[in-house]
4 protein chains.
Amino acid sequence: MGDLHWETKLSHTTENGIQIRGYDLVQLIGTVPFPSVLYLLFAGELPTPGIAKLIDAIMVASIDHGPGAPSALAARTAASGGAPLGAAAAAGLLTMGKYHGAAVQDAMEAIRQVAELANRESGSVEAMSHAADTVVAEWRQARRRLSGFGHRQHKQQDPRLARLFALAHEAKVPGNYLASALALEGALKRSTGKDLPINIDGATAAILCEIGFPISLSNALFMVARITGILAHANEEIEQMPPMRRIDPVDHSYAGPADRDLPVPP
Amino acid sequence: MGDLHWETKLSHTTENGIQIRGYDLVQLIGTVPFPSVLYLLFAGELPTPGIAKLIDAIMVASIDHGPGAPSALAARTAASGGAPLGAAAAAGLLTMGKYHGAAVQDAMEAIRQVAELANRESGSVEAMSHAADTVVAEWRQARRRLSGFGHRQHKQQDPRLARLFALAHEAKVPGNYLASALALEGALKRSTGKDLPINIDGATAAILCEIGFPISLSNALFMVARITGILAHANEEIEQMPPMRRIDPVDHSYAGPADRDLPVPP
Amino acid sequence: MGDLHWETKLSHTTENGIQIRGYDLVQLIGTVPFPSVLYLLFAGELPTPGIAKLIDAIMVASIDHGPGAPSALAARTAASGGAPLGAAAAAGLLTMGKYHGAAVQDAMEAIRQVAELANRESGSVEAMSHAADTVVAEWRQARRRLSGFGHRQHKQQDPRLARLFALAHEAKVPGNYLASALALEGALKRSTGKDLPINIDGATAAILCEIGFPISLSNALFMVARITGILAHANEEIEQMPPMRRIDPVDHSYAGPADRDLPVPP
Amino acid sequence: MGDLHWETKLSHTTENGIQIRGYDLVQLIGTVPFPSVLYLLFAGELPTPGIAKLIDAIMVASIDHGPGAPSALAARTAASGGAPLGAAAAAGLLTMGKYHGAAVQDAMEAIRQVAELANRESGSVEAMSHAADTVVAEWRQARRRLSGFGHRQHKQQDPRLARLFALAHEAKVPGNYLASALALEGALKRSTGKDLPINIDGATAAILCEIGFPISLSNALFMVARITGILAHANEEIEQMPPMRRIDPVDHSYAGPADRDLPVPP
């Protein structure tokens, strides 16, 4: 061991294998689903079946947001200039900054603050409502944007939300953080006078709080999911489009398979 | 529709939802696992159960390769300089070039060439062996590196291989491309005089050929899986390590949970 | 010295300074202009005054190409998503692939091939014309795009060209590679029937050949110059624009200082 | 003009040219040096001769910091994995985060705070010293790192500093911000009890304050300069080194031209 010796708690290779958090990768292959091994790497332990299902659901909900998402457009722009697939995907990944794709972490922070503040008091509905008012006031005073609330695109409630909430209910999460998120929605209405309903980032944040997901890796979870869509868009650009085209961010349409229902499982 | 109008076959957003290749994303959430929705985005259709399991297995096999992988080191270096998590991950992603993480695509190409060449003849074992000799000779003449064969680290056979091959067998893949990969192994031995056994990239390539995975997105599959490990390493660097440290690529050890067995399912 | 010891010929730090190719950086500061120190790092020696002036001129010619360049658009897209300045610039840099910004290297290769082929014969105008025909035929057969010829935007001849050629003339370059570039222009006309006049990439390539600039770093020269414009665009986006806006690649106009002449030096 | 119309104050292309801040690029080529055109793009106006010389000097001072700089190591790591030159440079650029290469902007902010605070009082040496104490106390209370002071590598004073200060003196800058930087050095000593002398980032920051350089683009200036070194290191890795090597961050030596003096101008 030299002066520069350092340690990791994540993984290591041996002469004939790789260990992830103490588990033999070979045993994980084909036994534990990918989103659960992601959870193992990120959170340190294998998830319970309920948590495993929620992580998978959140990843599917984040996998793509159509061709007009900034990350897809940046990846296509890079691909159009002749970047290879990985470099184009990196350009897309770099587009996921504080406004796009990084909202979950901020929302988790606010939701946790509400829950902790309310718990220090009675934990009642009134206490939570009061705690949410306090957090909203503090964030507004610090001129900090409260992510996770308000729609950008969907006129009606984003239908992904009801689905995620139903799955959280099925997984029997305690529900304290979901209540905090709803309390924040109410407090925002009282404070701003505007309807700023919880959005997909806020819902994801509340569920990740419920399952104890590490807050510092919440955006990372989104990035793994979304880079999938980014890579698909970049590859379509490389394979189907003329190089160096002007990529209109709005004037595009869908030309793939028509709307269809999921096949009924046999 | 203006002059710049363009079309995608991947996905689109509507007023109240997102459609992926014609399927409502909301129906996919919690119903179809993440690796299968990735397959839908990349290949255009939902996978059969057998293919779904293989995609998941390949992603788990690729999720991390310990702290000494170049992509993990580059991400840690960026994080150590103060890069935020996404930028550090992008630095790691950019490290996956033609030598690291891009081998699967090249191997798929060679394996397909062998299979096609052999099929044009009798398709017999001899024909395949002969086809492999031809492909190896052509690649060597073009001074093109034949990826997917030969070990870098594992002294013995990488144990991930046997696991992946067993799963491919379970999924009842036809086996033609697996045979081509083995034929290439033999041809390399005859041509170079060296043992260059099929490695994890070659095995992944053969299985992806078996399930008709789009060759242009094979490296993308690896990137989605591996960026998970990259993000975990970058986050550990940000949270646990002093900034601006000299990161030794070899002198590190594992300090996480001791070796442990998978919990027995109830 | 351990097993991993390695060597560089570029630079090293000492207890009280930095040496670039053997020169004390402190002596270079304020004495040798930045483009000449760049040349020192890239080519190994300080440039002659004539070469120094040409390098500076090529860098100025490449510094920016307006808000519609793909690299500027990608950097703005990343900045608009909330990426910090450096990450946004990286997204722009990644956009400079084989079609955008990487043309100089390919053009240098073709120009050198013509010059070498012509020199092996008589070196006469006829020999050069014949050599250009040969190279064009070979590249077309290899389905390789001959960069550096043909306009994308400027209807008339790009006025940067005349300026660069005049400076090359002033610097008394031998002129052999400039002649090769013109020969390629003629050969392209004969081969394709189309007017594909030498463009800014081709002119840059010919001049870099004249001054013996390392071919592998020709795109790097362009990148250093252009990242300046990329950073200016990314910064304007961060400082002046609303986040998450849809960035139209065409529908923009200039609102800065009106056209003005250079101040007359005192 | 459509709904998405937007404006830039930087540059625009016309049918036969490019205008930078109102100046015809063609007129700038070969007339105005590259660092001055960079200043034009970043600051909006052409620099005075004194400022032009200082910008050039600061860029030369930042062009490279040897093979052990994190950005050089990350770029080499990416290149070693097979990344093309531009992607490798992007990986290096991403390494320039809050600890590495982003120090100038923070230092400018602190230096300006001291100058403004002192000016609001008498502007005397005592007022400046007092102002520096106040700023140091505020930054320490906010747990904000005061960049630009303290050495990482150079045991003695970094010789680049004396050179830059001498050039600033020659350029007859007013000197108020240089005095503020020195006042901060004193205040840090009083507050921490440690010698934390002004370093190259702090000196650069003070000079940029003196010449009114836009604070938001100070790190950008560093990035343009340093990406030159990053590209040189990445290219050396691609051309000279075996792929996929373990890159030791410390165990390397210099094998280029021996120490030499600048040629005496004729």
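The values are calculated or read from the model by the stated rules, or taken from the named source; none is laboratory data. All figures in this text were calculated on a predicted structure; none of them were measured in a lab. When we count neighbours, we look across all protein chains shown, and the Cβ atoms used for this are built from the backbone with ideal geometry, even at glycine.
Tell me whether segment D:175-193 contains one or more residues that are among the hydrophobic types (A, V, I, L, M, F, W, C) and at the interface with chain C (Cβ under 10 Å from one of its Cβ atoms). Within segment D:175-193, not a single residue is among the hydrophobic types (A, V, I, L, M, F, W, C) and at the interface with chain C (Cβ under 10 Å from one of its Cβ atoms). Looking across segment B:102-112, the residues that are more than 7 Å from chain D (Cβ to nearest Cβ) and either outside any helix (DSSP H, G or I) or within 16 Å of the chain's Cα centre (by Cα) (or both) come down to B:Ala103, B:Val104, B:Gln105, B:Asp106, B:Ala107, B:Met108, B:Glu109, B:Ala110, B:Ile111. Considering only segment D:212-228, how many residues are at pLDDT 95 or above and either part of a loop (DSSP other than H, G, I, E, B) or among the basic types (Lys, Arg) (or both)? Number of matching residues: 3. Out of A:Ala255, A:Ala162, report the one residue that is modelled with pLDDT under 95 and facing chain B (nearest Cβ under 9 Å). Selected residue: A:Ala162, the only one of A:Ala255, A:Ala162 that is modelled with pLDDT under 95 and facing chain B (nearest Cβ under 9 Å). Scanning segment B:42-92 for residues that are more than 19 Å from the chain's Cα centre (by Cα) and at positive phi yields a count of 1.
The lone criterion from (1) crowded, with 20+ Cβ neighbours inside 10 Å; (2) over 30 Å from B:Gly66 (Cβ atoms) left unmet by D:Glu170 is number (1).
Note on segment A:130-151: residues that are in a helix (DSSP H, G or I) and of a type outside the set (D, E, K, R) total 9. When segment D:43-67 is filtered for residues that are touching a Phe, Trp or Tyr at 6+ places or on another chain (Cβ under 8 Å), closer than 20 Å to C:Ala57 by Cβ and not charged (D, E, K, R), the ones remaining, listed by number, are D:Leu46, D:Pro47, D:Ala52, D:Ile55, D:Met59, D:Val60, D:Ile63.
Remark: D:Ala127 falls outside the filter, which requires a residue to be assigned to a helix (DSSP H, G or I) and in contact (Cβ under 8 Å) with a residue 40 or more places away in the chain.
Among the listed residues C:Leu188, C:Leu196, C:Leu208, C:Leu184, which satisfies the condition of being in a loop (DSSP other than H, G, I, E, B) and within 23 Å of C:Pro159 (Cα to Cα)? Result: C:Leu196 is the single residue among C:Leu188, C:Leu196, C:Leu208, C:Leu184 that is in a loop (DSSP other than H, G, I, E, B) and within 23 Å of C:Pro159 (Cα to Cα).
Can you find even one residue in segment C:140-149 that is within 14 Å of chain D (Cβ to nearest Cβ), touching a helix residue (DSSP H, G or I) at 6+ places or on another chain (Cβ under 6 Å) and surrounded by 15 or more Cβ atoms within 10 Å (Cβ to Cβ)?
no
Can you name the residue in segment B:226-243 that is surrounded by 15 or more Cβ atoms within 10 Å (Cβ to Cβ) and either more than 26 Å from the chain's Cα centre (by Cα) or more than 7 Å from chain A (Cβ to nearest Cβ) (or both) and, of all such residues, is nearest to A:Pro35 (Cα to Cα)?
Initially, segment B:226-243 is screened for residues surrounded by 15 or more Cβ atoms within 10 Å (Cβ to Cβ), giving B:226-238, B:241, B:243.
Add one more test, that the residue is either more than 26 Å from the chain's Cα centre (by Cα) or more than 7 Å from chain A (Cβ to nearest Cβ) (or both), and what stays is B:226, B:230, B:234, B:237-238, B:241, B:243.
Details: B:Arg226: 12, B:Ile230: 15, B:Ala234: 19, B:Glu237: 22, B:Ile238: 23, B:Met241: 27, B:Pro243: 30 Å.
Going through the qualifying residues, I end up with B:Arg226.
Of the listed requirements (1) more than 16 Å from the chain's Cα centre (by Cα); (2) at pLDDT 95 or above, A:Ala181 misses just one: (1).
Among the listed residues B:Ser253, B:Ser218, B:Ser191, which satisfies the condition of being of a type in the set (S, T, N, Q), exposed (fewer than 15 other Cβ atoms within 10 Å of the Cβ) and at negative phi? Give the steps one after another, and end with the answer.
Working: B:Ser218 fails: exposed (fewer than 15 other Cβ atoms within 10 Å of the Cβ); B:Ser191 fails: exposed (fewer than 15 other Cβ atoms within 10 Å of the Cβ).
Being of a type in the set (S, T, N, Q), exposed (fewer than 15 other Cβ atoms within 10 Å of the Cβ) and at negative phi holds for just one of B:Ser253, B:Ser218, B:Ser191, which is B:Ser253.
Condition check ((1) at pLDDT 95 or above; (2) crowded, with 22+ Cβ neighbours inside 10 Å) across all residues:
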{"site": "A:Ala52", "(1), (2)": "yes, no"}
{"site": "A:Leu73", "(1), (2)": "yes, yes"}
{"site": "A:Lys98", "(1), (2)": "no, no"}
{"site": "A:Met108", "(1), (2)": "yes, yes"}
{"site": "A:Ala118", "(1), (2)": "no, yes"}
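With respect to C:Arg246, determine if the residue is surrounded by fewer than 24 Cβ atoms within 10 Å (Cβ to Cβ), free of Cβ contacts under 8 Å to residues at least 40 places away in the same chain and touching a Pro at 6+ places or on another chain (Cβ under 7 Å). In short, yes. Would it be correct to say that A:Asp64 is crowded, with 24+ Cβ neighbours inside 10 Å and of a type in the set (D, E, K, R)? Here the answer is yes, as A:Asp64 does meet what is asked.
Name the residues in segment A:124-137 that are of a type in the set (D, E, K, R) and under 18 Å from A:Gly202 (Cα atoms), would you? Working first, answer last.
We begin by selecting, within segment A:124-137, every residue of a type in the set (D, E, K, R); these are A:126, A:133.
A:Asp133 - this is the single residue of segment A:124-137 that is of a type in the set (D, E, K, R) and under 18 Å from A:Gly202 (Cα atoms).
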